[in-house]
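For reference, the structure discussed in these notes is given below.
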Amino acid sequence: MTREEILDAVCLDVQILETTDKQYLYDKDFILAAVKNHGYALEYASKELQADKEVVLAAMNNFGSLEYAITELQADKEVVLTAVEIFGWNLQFASQELQEDREVVLAAVKNFAWPLQDMPKVLQGDRDFVIEVVKSNGVMLECLNKELQADREVVLAAVKNKGYALLYASEELQADREVVLLAVDNNYDAYWDEVICALGCASKDLQADREVVFKAVKNTAWSLLYASAELQADREIVLTAVRSHGIALADASAELRANKQIVLEAISQNPHALVYASEKIQEQLKVEYPSLLNIKDNI
């Protein structure tokens, strides 16, 4: 294979470097190009190039592993910050001193839920630091001890960053109206999944609280799944949900799934929502809108 062919192949399979002519592994220009194609190409570079800061930085900027840099560069703050900002998992390969550096650890937890018990003890007992951690990555709340999961200030900081971090809060705080309101208002990347939908983590009383539920479905339509039966029959709440995601019609009450206006709002957002309407409404709308005839077959 030619030099160019090898570099192209690295993008798909970095292990090709195991059988590459060794001369390439000592060639800085070649290795620089290789790590820019695949950060893990650093593993196959010569020791001399694993000690080259320019090469290592290029690898770290492309999801490379700090494990393959020499010890001196694992203790270089610029290199380590670059590595953990791209992939927080690299924190484990940093020098002990940098593993205890607040700036480095905060950069790492922004993109990797690093178990707090694996962090240096000097940081585990620092409440102010823990608050900074969950402000950067709310789901780090999962990694904290029960005392901190029951700490109102810590939990408020966590759910403000990631609403579904409420899952890891104490039962008492899952029943705290202010905490839950903040959580459901910050549930931007929730999916239709009970594990990560903030309203699904709230107490039953708050799932029956109209203000809480309305804010939840306004932010994340899938929250309707966790509303009380009474609120799943609330016309305004259901309209808000289906206008955002028509498929949320599935969680409306039977009465509202038989309501023509509600169903029309749902199918205008997603025609496939028709399958969740009552049979009577389905038949009626298929007559009025022939384009809906094959919806069920397309699910």
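One table, with the values for the structure above:
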| item | result |
| --- | --- |
| Some residue of the stretch 269-276 being in the same structural domain as residue 294 (by TED's automatic domain parsing), aromatic (Phe, Trp, Tyr) and either over 28 Å from residue 137 (Cα atoms) or touching a helix residue (DSSP H, G or I) at 6+ places or on another chain (Cβ under 9 Å) (or both) | yes |
| Subset of the stretch 145-159 (residues that are touching a Gly at 6+ places or on another chain (Cβ under 7 Å) and surrounded by fewer than 22 Cβ atoms within 10 Å (Cβ to Cβ)) | none |
| Qualifying residue in the stretch 255-263 (condition: within 32 Å of the chain's Cα centre (by Cα), loosely packed, with under 15 Cβ neighbours inside 10 Å and either part of a helix (DSSP H, G or I) or basic (Lys, Arg) (or both)) | no |
| Residue 187 vs. criteria more than 25 Å from residue 254 (Cβ to Cβ) and under 16 Å from the mean Cα position of the chain (by Cα) | yes |
| Qualifying helices (runs of 4 or more DSSP H) (wholly inside the stretch 86-146; at least 1 residues being β-branched (Val, Ile, Thr) and over 24 Å from residue 74 (Cβ atoms)) | 127-136 |
| Top-ranked residue of the stretch 31-51 - restricted to ones that are surrounded by fewer than 21 Cβ atoms within 10 Å (Cβ to Cβ) and touching a residue at least 24 places away in the same chain (Cβ under 8 Å), ranked as nearest to residue 2 (Cα to Cα) | 33 |
| Among the residues listed as 180, 242, 212, the single one being under 23 Å from residue 277 (Cβ atoms), of a type in the set (Val, Ile, Thr) and in a helix (DSSP H, G or I) | 242 |
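Yes/no per residue for (1) touching a Pro at 6+ places or on another chain (Cβ under 9 Å); (2) of a type in the set (Gly, Ala, Ser):
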site: 210; (1), (2): no, no
site: 215; (1), (2): no, no
site: 224; (1), (2): no, no
site: 266; (1), (2): no, yes
site: 273; (1), (2): no, yes
site: 283; (1), (2): no, no
site: 291; (1), (2): yes, yes
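The values are calculated or read from the model by the stated rules, or taken from the named source; none is laboratory data. Only a predicted model underlies this, so the values are computations on that prediction, with no experimental measurement involved. Using ideal geometry, Cβ is built from the backbone for each residue, glycine included, and neighbour counts are taken over all protein chains shown.
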